[in-house]
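The structure appears below as structure tokens.
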Amino acid sequence: MLFFYKAISKDGKNSEGSIEGMNIDAAISTLQKRDLVIVDIKPAEEKKSGFSLANLSFGGRVKMKDVVILSQQLSTLIGANVPILTTFRLLASETESKALQTKLTQVVDDIQGGVSISVAMAKHPQVFSTFYVSLVKAAEESGKLPETFKFLAEYLERSFQLVQKAKNALVYPIFVIVVFAAVMILMMVMVIPQLTSILLESGQDIPLFTKAIIGTSDFLVNYGILLLFLLVILVIVVWRYSRTATGKLAIDRFKMSIPYIGTLYKKIYLSRVSDNMNMMLESGVSVVRSLEVSSEVVGNEVYRRILLEAADSVKSGSALSDIFAYHPEFPSIIAQMTRIGEETGKLDYVLKTLSRFYTQEVESTIDLLVGLIEPIMIVVLGLGVAILLSGILLPIYSLTGAL
């Protein structure tokens, strides 16, 4: 709970700000530990008007890379038996990210106020996901904080590297396609009209293919601004649609239906699901809770709904392997190995094996994709330029040859 306070420091200076606490007594206790004499303190809900810098957050969003580094540092410090409060204070003072520094400072205040680590982290979902908080909560209950933070550090590092590898594989083709489209549009708008005038003035018959290029050029010259406006409207409509539950489902289904790319997406999601569930089961989290949390962090609406359905079915006594076998989004090997894991009581080990398998599959698929992108781009760009130039230059060459 957030409280706003006014106080006087030990040297007589006025101080005011905000502090988190389970209740007003915990907030007062925390302030007194800072050698502050409280003049006024009230819950945030009672403060109806006025401006406070405590309500602002500077520094932007916290990057995934910063969370990975934070988890590695937490693993090292807690593994070295450094007290929790000292650990978070140290990390808050050392981090270069202003946004993360603000969040960690608030976590320190909450822990000082008597709040558990998981509850303090749960107040900052931009930094600590539901998956992250659930593992920390399980670790608090089992007394395995050092091991859990080590697991989290390794898991987040794997996820970060996988995401970065996928992004890097897509940056090059996207950049080339955008530049190619820009060059083609400039040629259509600025170069083709000049050459078109030469052909039209000659009075000779123009091939149908050349007429199509000239028509496209005329359309872009006369209605290019209107087309750009319509594209902007379309992007806005698609973006708003993608924010709805129906839109998310449709777009995620479309992503998985794209040839080759869709297979890569499926492998990424399957790797993420098996890795998340393995870590949670190893940390002592129940199967139902593992499915619910994994549904929130899988990053795909199709798989999210399947996992939530699986959680409800497991609650009713159904086997997890039966639910996976029913949905084609889960390959038969997952259903078969999950059944083996359920029968032997080693579901976490089976999921760990599946996670490694699909992570390797994603990496090999990305490597193959990167290797194919460059020659494919060269061929596509070459064909595009050849088609455009042959449609205009060949008739001009024919004209000059006839003169």
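The values are calculated or read from the model by the stated rules, or taken from the named source; none is laboratory data. Remember, predicted model here, so these are calculated numbers, not experimental data. Here Cβ is always computed from backbone atoms with ideal geometry, including for glycine, and neighbour counts include all displayed protein chains. Areas reflect the complete protein model, heavy atoms only, side chains present, ligands, DNA and RNA absent. Shrake-Rupley method; radii C 1.70, N 1.55, O 1.52, S 1.80 Å.
Points to keep in mind about this one:
For every residue, the table says whether it meets (1) under 30 Å from Asn222 (Cβ atoms); (2) of a type in the set (A, V, I, L, M).
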| residue | (1), (2) |
| --- | --- |
| Ala122 | no, yes |
| Phe131 | no, no |
| Ala138 | no, yes |
| Leu145 | no, yes |
| Ala153 | no, yes |
| Leu162 | no, yes |
| Ala166 | no, yes |
| Pro173 | no, no |
| Leu208 | yes, yes |
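- Asp367 vs. criteria over 30 Å from Ile261 (Cβ atoms) and not β-branched (Val, Ile, Thr): no
- Within segment 338-369, restricting attention to residues that are free of Cβ contacts under 8 Å to residues at least 12 places away in the same chain and of a type in the set (A, V, I, L, M), the residue that is nearest to Val288 (Cα to Cα) is Ile340.
- Residue check for Glu329: touching a residue at least 60 places away in the same chain (Cβ under 8 Å) and closer than 15 Å to Val273 by Cα: yes
- Any hit, segment 172-183, residues being more than 30 Å from Thr359 (Cβ to Cβ), surrounded by fewer than 18 Cβ atoms within 10 Å (Cβ to Cβ) and of a type in the set (Ser, Thr, Tyr): no
- Answer from Gly59, Gly50 - the residue that is modelled with pLDDT under 85 and in contact with a Leu (Cβ under 9 Å, 6 or more places away or on another chain): Gly59
- Flag if Arg305 is at pLDDT 90 or above and either out of contact with any Pro (no Cβ under 7 Å at 6 or more places or on another chain) or open to solvent by 50 Å² or more (accessible area, probe 1.4 Å) (or both): yes
- Flag if Thr216 is assigned to a helix (DSSP H, G or I), open to solvent by 80 Å² or more (accessible area, probe 1.4 Å), among the β-branched types (Val, Ile, Thr) and free of Cβ contacts under 8 Å to residues at least 60 places away in the same chain: no
For (1) at pLDDT 80 or above; (2) in contact with a helix residue (DSSP H, G or I) (Cβ under 7 Å, 6 or more places away or on another chain); (3) open to solvent by less than 60 Å² (accessible area, probe 1.4 Å); (4) part of a helix (DSSP H, G or I), each residue gets a yes or a no:
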residue	(1), (2), (3), (4)
Thr359	yes, yes, yes, yes
Thr365	yes, yes, yes, yes
Leu369	no, yes, yes, yes
Ile376	yes, no, no, yes
Val379	yes, no, no, yes
Ser390	no, no, yes, yes
Pro395	no, yes, yes, yes
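- In the set (1) surrounded by 10 or more Cβ atoms within 10 Å (Cβ to Cβ); (2) over 14 Å from Leu389 (Cα atoms), the condition left unmet by Glu201 is number (1).
- Test result for Thr95, of a type in the set (Val, Ile, Thr), in contact with a helix residue (DSSP H, G or I) (Cβ under 7 Å, 6 or more places away or on another chain) and buried (at least 22 other Cβ atoms within 10 Å of the Cβ): no
- Scanning segment 1-24 for residues that are open to solvent by 90 Å² or more (accessible area, probe 1.4 Å) and modelled with pLDDT of 65 or more yields Lys6, Lys10, Asp11, Lys13, Asn14, Glu16.
- Within segment 281-296, the set of residues being outside any loop (DSSP other than H, G, I, E, B) and open to solvent by 40 Å² or more (accessible area, probe 1.4 Å) comprises Glu282, Val287, Arg289, Glu292, Glu296.
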